[in-house]
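Peer 1: Structure below; questions to follow.
The values are calculated or read from the model by the stated rules, or taken from the named source; none is laboratory data. Since the structure is predicted, the reported quantities are computational estimates derived from the model, not experimental observations. Reconstructed Cβ throughout: ideal geometry from the backbone, glycine too, with neighbour counts over all protein chains shown. To get the accessible areas, we keep the full protein, side chains included, count just its heavy atoms, and leave off ligands, DNA and RNA. Shrake-Rupley method; radii C 1.70, N 1.55, O 1.52, S 1.80 Å.
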Amino acid sequence: MTLFPADFLWGGALAANQVEGAYLADGKGLSTSDVLPQGIFGPITQREAGDSCLKDQAIDFYHRYPEDIALFAEMGFSCLRVSIAWSRIFPQGDEDAPNEAGLAFYDRLFDEMAKHGIRPLVTLSHYEMPYALTQRYSGWASRQTIGFFEHYARTVFARYRDKAKYWLTFNEINMALHAPFTGVGLPPDSGKQAIYQAIHHQLVASARAVKACHELVPDARIGNMLLGDIVYPLSCRPEDLLACQQRNRDWLFLGDVQARGAYPAYMQRFFREEGIELDIHASDLVDLRTTVDFISFSYYMSGCASANPDFAQQAGGVLGMVPNPHLPSSDWGWQIDPQGLRYLLNLLYDRYQKPLFIVENGLGARDEVTPDGRIHDDYRIQYLNDHLIQVAEALDDGVDLLGYTSWGPIDLVSASKAEMSKRYGFIHVDLDDQGHGSLERRRKDSFYWYRDVIRSRGQTL
Ligand code: BG6
């Protein structure tokens, strides 16, 4: 087995709205996640009605982070991916002055990580923005939101410049195509014209954040974050190959803009044929020329694309993929494909020639606590082991990879379903879908497995 590099960043990945809870504590404003109690594809609710939601408390990371970070350190983490809840820093999104109590929380969090030698990888926006921005400005439909985001980004870069050296702009920027409210703050039934315009504003904001990071924290590195939405042709028919190429370009174009600094030529045809006319200012084209330092991505599953309408109409699941008849699926219908990770790593490295970072990967599964209080999650170990073997293959292929942060190293609220039943953690949290439980943390079998993988630099895989 290939020895992973000595400076490889090993760890896990979290998102503020799925772990912190304390959803209105210390001056935090409502975020878009706070009004989606059933998850990112669910209905938007009015919190004034008094309804509660599992994410309001989540796993109470806001108060329990010292205990959780100590457990991550026990596994040997050198890196922890977290996100900053924008609405803790700017509760309404459009204020001039930040909320000091919100800033102070992330000071405490980063300081605690530093005590254990764990480096933060910080996402500026992970599936949330201040809800007020969607009410007052229609979210990313407004060009003004670019300025609010840049102000927020500059505020946190300046504040944490000595504490955080790895940054990401927008989590899974392509999710706007599947969940417009979560991605760009637009109503779920928005048309393509509105969605692509909002994405354009977000791309400009991302580039401006990269520029700001380079100015304010010159020794930091900042990346984008793509949902690895990879599909294969369902058959070797040429028309299936072209359908597949188009389906992959649907999301790769975002990486093309962020890594190469301009819209790729093929998008002109796409916009023309879809009747989309973007309002792009000359200054936007200049802004977009600032490109990311590295490419980060999530990878859970792969699927297929087909030009044959009989098969194409089978496309489903959260990402609208045609099922691959050769792959097994998780209990949530996500098709498991470890070799797809090697393929994707090579594809992205060939395409961008920039360092890569796997910032999410994992298996959502139901766990059972045995009477002696243990959790034998061999299915999770199998999934992660198989994927990491393919990561080692990609390293051998010559891919430049900065690190690997598995998704949800501690159980957290699922994004798509806002439930606890779908667990990813090495650490179990006693909490059910109704919000009942002691919140006690317990090490699963996978906890010891991951500790050994990190300690051996992959030799135990
Ligand atoms: C990624 C998101 O798409 O998938 C995470 O960045 C999310 O926020 C993860 O939790 C897994 O999805 P789910 O729906 O199983 O929580």
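Peer 1: How many residues are without any contact (Cβ under 8 Å) to a residue 60 or more places away in the chain and part of a strand (DSSP E or B) when one looks only at the range 112-131?
Peer 2: Counting residues in the range 112-131 that are without any contact (Cβ under 8 Å) to a residue 60 or more places away in the chain and part of a strand (DSSP E or B) gives 3.
Peer 1: I'm trying to understand the selection: among the residues of the range 335-351, which are open to solvent by less than 20 Å² (accessible area, probe 1.4 Å) and more than 16 Å from the ligand (Cβ to nearest atom)?
Peer 2: Correct list: Leu345, Leu348.
Peer 1: Shifting gears a bit: Of all the helices (runs of 4 or more DSSP H) wholly in the range 3-110, which have at least 1 residues that are of a type in the set (Lys, Arg) and more than 30 Å from Gln390 (Cα to Cα)?
Peer 2: In the range 3-110, the matching helices (runs of 4 or more DSSP H) lie at 61-75, 86-89.
Peer 1: Still on this structure, please answer the following. Suppose we filter the range 439-461 for residues that are surrounded by fewer than 19 Cβ atoms within 10 Å (Cβ to Cβ), touching a residue at least 24 places away in the same chain (Cβ under 8 Å) and polar (S, T, N, Q); how many remain?
Peer 2: Of the residues in the range 439-461, 1 are surrounded by fewer than 19 Cβ atoms within 10 Å (Cβ to Cβ), touching a residue at least 24 places away in the same chain (Cβ under 8 Å) and polar (S, T, N, Q).
Peer 1: Kindly indicate the residue of the range 146-174 that is among the hydrophobic types (A, V, I, L, M, F, W, C) and open to solvent by 10 Å² or more (accessible area, probe 1.4 Å) and also farthest from Pro130 (Cα to Cα) among those meeting that condition.
Peer 2: Of everything passing the filter in the range 146-174, Ala158 is farthest from Pro130 (Cα to Cα).
Peer 1: Is there a residue being in contact with a Leu (Cβ under 7 Å, 6 or more places away or on another chain) and without any contact (Cβ under 8 Å) to a residue 60 or more places away in the chain anywhere in the range 305-315?
Peer 2: Checked the range 305-315: no residue is in contact with a Leu (Cβ under 7 Å, 6 or more places away or on another chain) and without any contact (Cβ under 8 Å) to a residue 60 or more places away in the chain.
Peer 1: Please go through the range 394-417 and give me each residue that is open to solvent by 10 Å² or more (accessible area, probe 1.4 Å) and within 11 Å of the ligand (Cβ to nearest atom), ordered by number.
Peer 2: Across the range 394-417, the qualifying residues are Trp407, Ala415, Ser416, Lys417.
Peer 1: Counting just the residues of the range 114-145 that are open to solvent by 40 Å² or more (accessible area, probe 1.4 Å) and hydrophobic (A, V, I, L, M, F, W, C), which one comes out farthest from Ser190 (Cα to Cα)?
Peer 2: For the range 114-145, the residue satisfying everything is Ala114.
Peer 1: Now for a different question. List the strands (runs of 3 or more DSSP E) inside the range 201-318, counting only whole elements, that have at least 3 residues being within 16 Å of the ligand (Cβ to nearest atom) and within 29 Å of Ile40 (Cα to Cα).
Peer 2: In the range 201-318, 221-227, 294-298 are the strands (runs of 3 or more DSSP E) which contain 3 or more residues that are within 16 Å of the ligand (Cβ to nearest atom) and within 29 Å of Ile40 (Cα to Cα).
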